[in-house]
1. Has the stretch 80-103 got any residue that is crowded, with 16+ Cβ neighbours inside 10 Å, in contact with a helix residue (DSSP H, G or I) (Cβ under 6 Å, 6 or more places away or on another chain) and either at positive phi or at pLDDT 75 or above (or both)?
2. Which numbered condition trips up residue 27, out of (1) under 17 Å from residue 13 (Cβ atoms); (2) assigned to a loop (DSSP other than H, G, I, E, B)?
3. With the condition kept exactly as written, say whether any residue in the stretch 55-64 is surrounded by fewer than 18 Cβ atoms within 10 Å (Cβ to Cβ), assigned to a loop (DSSP other than H, G, I, E, B) and modelled with pLDDT under 95.
4. Anything in the stretch 1-38 that is at pLDDT below 95, surrounded by 13 or more Cβ atoms within 10 Å (Cβ to Cβ) and under 20 Å from residue 83 (Cα atoms)? List them, or say none.
5. Take the residues of the stretch 65-74 that are part of a strand (DSSP E or B) and touching a helix residue (DSSP H, G or I) at 6+ places or on another chain (Cβ under 9 Å): which is modelled with the lowest pLDDT?
C-alpha cells in the first residue's frame, strides 16, 4: 500500500477574498469605463491599468499600519479575451455558428502552502472577458 499524500490547507489570502473580488472589479471598471467594445490596439493599456490598480490596492491593504514595507510579494496576471460575433452568417470551419470562445486558465507553483497562495477572478463586460490571477508570496 502506498502512503497517502498529506492534506495541505491553502494559505489564507493577505486580503479577504470578498475584498479581492471588489479590487479586481473596480480595476476592470476603471480600465473599461469609457470603452464600448474590444479594440486590440488598446489591450496593452487596459492590462496596464488593471494590473497597476490591483497591485497598488494589494500592497496598501496587506501592509499593517506603521510597517516599513509590504510583507508579501505579489504577481498579477491579466488576460483579455475578445468575444466572437454570434451573427448567424458567421460560420466556423465546421459550419457551426461562431459564438463565445472557450478558454481555460490555470496556475500552479511550488512554495510554502502555509504562507503563499494564488487566487483567480473572471470579469465579463463589453464583448470581452478578463481573467485575473493573483499570486502572493510571504517575505
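1. Looking through the stretch 80-103, at least one residue is crowded, with 16+ Cβ neighbours inside 10 Å, in contact with a helix residue (DSSP H, G or I) (Cβ under 6 Å, 6 or more places away or on another chain) and either at positive phi or at pLDDT 75 or above (or both).
2. (2)
3. Yes - at least one qualifying residue is present in the stretch 55-64.
4. 35, 38
5. Kept after step one, since they are part of a strand (DSSP E or B), are these residues of the stretch 65-74: 72-74.
Checking the rest, the ones that are also touching a helix residue (DSSP H, G or I) at 6+ places or on another chain (Cβ under 9 Å) come to 72, 74.
Working: 72: 90, 74: 94.
Only one residue tops the list, namely 72.
The values are calculated or read from the model by the stated rules, or taken from the named source; none is laboratory data. Bear in mind that the values here come from a model prediction, so they are computed numbers and not experimental data. Don't worry about glycine lacking a Cβ; one is built from the backbone with ideal geometry, like all the others, and counts go over all protein chains shown.
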